[in-house]
1. Whether any residue in the range 68-75 is out of contact with any strand residue (DSSP E or B) (no Cβ under 6 Å at 6 or more places or on another chain), under 25 Å from residue 239 (Cα atoms) and in contact (Cβ under 8 Å) with a residue 40 or more places away in the chain is what I want to check.
2. Return the total of residues in the range 135-152 being surrounded by fewer than 18 Cβ atoms within 10 Å (Cβ to Cβ) and under 21 Å from residue 196 (Cα atoms).
3. Would you confirm whether any residue within the range 76-88 is under 25 Å from residue 177 (Cβ atoms), surrounded by 20 or more Cβ atoms within 10 Å (Cβ to Cβ), in contact (Cβ under 8 Å) with a residue 24 or more places away in the chain and outside the structural domain of residue 195 (by TED's automatic domain parsing)?
4. Give me a count of the residues in the range 33-66 that are modelled with pLDDT of 90 or more and crowded, with 16+ Cβ neighbours inside 10 Å.
5. Any chance the range 120-131 includes a residue that's at pLDDT 95 or above, in contact with a strand residue (DSSP E or B) (Cβ under 8 Å, 6 or more places away or on another chain), farther than 30 Å from residue 84 by Cα and surrounded by fewer than 18 Cβ atoms within 10 Å (Cβ to Cβ)?
6. For the range 159-187, enumerate the residues that are assigned to a helix (DSSP H, G or I) and either loosely packed, with under 13 Cβ neighbours inside 10 Å or touching a residue at least 60 places away in the same chain (Cβ under 8 Å) (or both).
7. Applying the selection to the range 205-239, what residues are in a strand (DSSP E or B) and either surrounded by fewer than 17 Cβ atoms within 10 Å (Cβ to Cβ) or at pLDDT 95 or above (or both)?
8. In the range 132-158, which residue that is out of contact with any strand residue (DSSP E or B) (no Cβ under 8 Å at 6 or more places or on another chain) and part of a helix (DSSP H, G or I) is modelled with the lowest pLDDT?
């Protein structure tokens, strides 16, 4: 059984990761990391310790991190200290912070993705294939929509889609529209448009559970892996 630490366990994502992990026979949530006393009261159970001390991750196999960039890089140092695997779904990281994750992956295994949804990662794959095969007559635009509480715009997923298109075809995607409205969980649409037709590839998240479930699949994948920087495409490739 894989023992989990969940950073930000009292947040919206952390709570769903915790509850879904409880129902998975291959996983056991053991440690939650929260900084405030009020948050630490949220998930108190007999078999789950909620702590403000990241050193407590020494008791687990994998740390799942869906928090702030600052907290993520701080907890990265503790994962290195205790030689623990990580699943990182935090967005809004700077290039320097991403560089620190890459450097850490030389010593510990890390799954790092701007979007843990299996469906979105299939979208990444379809967009890559489309960008490779469609001529440069096709203009590309990306539209993403999220809830009003999301701080980064465009989303990390939209940036990843633009990166995939550039690497696959050399196209720079300058037309990226970010919408922040209501409580939208996460919508992404990529449009390839030519003078003769339009191709649209899209994904719409109904609940945060798709990200939580993806993170748990990633945790199962990364447990016991050698050091390295993995993404959800690697996780998808391992699904039978």
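The values are calculated or read from the model by the stated rules, or taken from the named source; none is laboratory data. A quick note: this is a predicted structure, and the numbers were derived from the prediction, not measured. Virtual Cβ from ideal backbone geometry, glycine too; neighbours counted across all protein chains shown.
1. Checked the range 68-75: no residue is out of contact with any strand residue (DSSP E or B) (no Cβ under 6 Å at 6 or more places or on another chain), under 25 Å from residue 239 (Cα atoms) and in contact (Cβ under 8 Å) with a residue 40 or more places away in the chain.
2. Selection size over the range 135-152: 5.
3. Checked the range 76-88: no residue is under 25 Å from residue 177 (Cβ atoms), surrounded by 20 or more Cβ atoms within 10 Å (Cβ to Cβ), in contact (Cβ under 8 Å) with a residue 24 or more places away in the chain and outside the structural domain of residue 195 (by TED's automatic domain parsing).
4. The qualifying residues number 11.
5. Yes, the conditions are met somewhere in the range 120-131.
6. Result: 167, single match.
7. 228, 229, 230
8. The selected residue is 156.
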